[in-house]
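The values are calculated or read from the model by the stated rules, or taken from the named source; none is laboratory data. The structure displayed is predicted, hence computed values, not measured ones. Heads up, the Cβs are rebuilt from the backbone with ideal geometry, glycines too, and the neighbour counts pull from every protein chain shown.
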Amino acid sequence: MFSFETFKDKRYWILLFPFLIILVGFSVFASNYFAENPLMIFLFLVLDASLFWGIYHLWKYVGDKKAQR
C-alpha cells in the first residue's frame, strides 16, 4: 500500500539517485539496442524498478530488525 512515509525515509533517497543514474545511463548509451528491441526497454524498466523496491524493502526490514534489538 502506498504511503507518504516512504518519501520521508532516508534510505529511499539514498537508493533513488543511483538507480535513476543507471536508468538514464542505460537509456542514453544503449538507445540503439532498445530501439531495435522494444520489448527490452519494458523488461529493463521492470527489472530496474523491481531491484530498487526489493533492495529498499530489504534494507528497511533489516534496519528495523536491527533497531528492535
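Mind listing just one residue for me: the one in region 30-67 that is charged (D, E, K, R) and without any contact (Cβ under 8 Å) to a residue 40 or more places away in the chain and, of those, nearest to Leu16 (Cα to Cα)? Don't jump to the end; show me each part of the working.
Step one: list which residues in region 30-67 are charged (D, E, K, R), which gives 36, 48, 60, 64-66.
Among the residues that remain, those that are also without any contact (Cβ under 8 Å) to a residue 40 or more places away in the chain are: 36, 48, 64-66.
Details: Glu36: 28, Asp48: 11, Asp64: 20, Lys65: 22, Lys66: 23 Å.
Only one residue fits best here, namely Asp48.
Take Ser3 and tell me if it is assigned to a loop (DSSP other than H, G, I, E, B), out of contact with any His (no Cβ under 7 Å at 6 or more places or on another chain) and exposed (fewer than 13 other Cβ atoms within 10 Å of the Cβ). Don't jump to the end; show me each part of the working.
On the way: assigned to a loop (DSSP other than H, G, I, E, B): yes; out of contact with any His (no Cβ under 7 Å at 6 or more places or on another chain): yes; exposed (fewer than 13 other Cβ atoms within 10 Å of the Cβ): yes.
Yes: the conditions hold for Ser3.
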Has region 22-34 got at least one residue that is surrounded by fewer than 11 Cβ atoms within 10 Å (Cβ to Cβ), modelled with pLDDT of 90 or more and under 25 Å from Val62 (Cβ atoms)?
no
Within region 12-21, track down each residue that is surrounded by 11 or more Cβ atoms within 10 Å (Cβ to Cβ) and β-branched (Val, Ile, Thr).
Ile14
